[in-house]
Amino acid sequence: PGHRMLGRWLARRGPMRWRKAGVAWISLKAYKAEVKSIFSKLESGLEPMKDMNDGFEIAKEELRMTVTIGAPGSYIFTPDEKKKNIQMFSPISGNVYTYKFDEKSEQWANVNDGHYMIELLTRELMGACSGLPDL
């Protein structure tokens, strides 16, 4: 009896929601489109910084993007289709952050505290590099 009640309760709630940062579930097709979009945005928004910073390089592959900022090291963006998230390694903080796409804000939000990937990346790049990212 209990499992039937749970099933009815879940059916009334609609698609399951990811709760930590209040980010809604998205389809795999939408996820792939958002990954492609953020990679393009990062590439075009960071490209002008290459001329202002020695060792600044951008490498985009199908399943990964690397932004090398010289001496501090490289940001590594790794999408995970199964979990529908992106992990970002930061050479500045030395941390790996996990983000899910929030359709409401149209931003990649951190699963632990809800901060946006673009905001953290921008803050760190402003402190470590010359020029401003156009994100």
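Here, each number is a calculation from the coordinates, and none is a lab measurement. Keep in mind the model is a prediction, meaning the values are calculated, not measured. So basically every Cβ, Gly included, is an ideal-geometry build from the backbone, and we count neighbours across all protein chains shown.
Structure above, values below:
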| item | result |
| --- | --- |
| Computed lengthening from Ala71 to Thr122, 0.36 nm per intervening residue step minus Cα-Cα distance | 16.6 nm |
| Inverse mean reciprocal Cα-Cα distance (Kirkwood Rh) of the stretch 28-106, Å | 13.3 |
| Entries in Lys29/Lys84; Lys50/Lys104; Lys50/Lys82 that, when Cα-Cα distance is taken, lie over 22 Å | Lys50/Lys104; Lys50/Lys82 |
| Kirkwood Rh (inverse of mean 1/r, distinct Cα pairs), the stretch 70-112, angstrom | 11.1 |
| Loop trypsin sites (Lys or Arg not before Pro), the stretch 50-124, which have at most 16 other Cβ atoms in a 10 Å radius of their Cβ (DSSP) | Arg64, Lys82, Lys83, Lys104 |
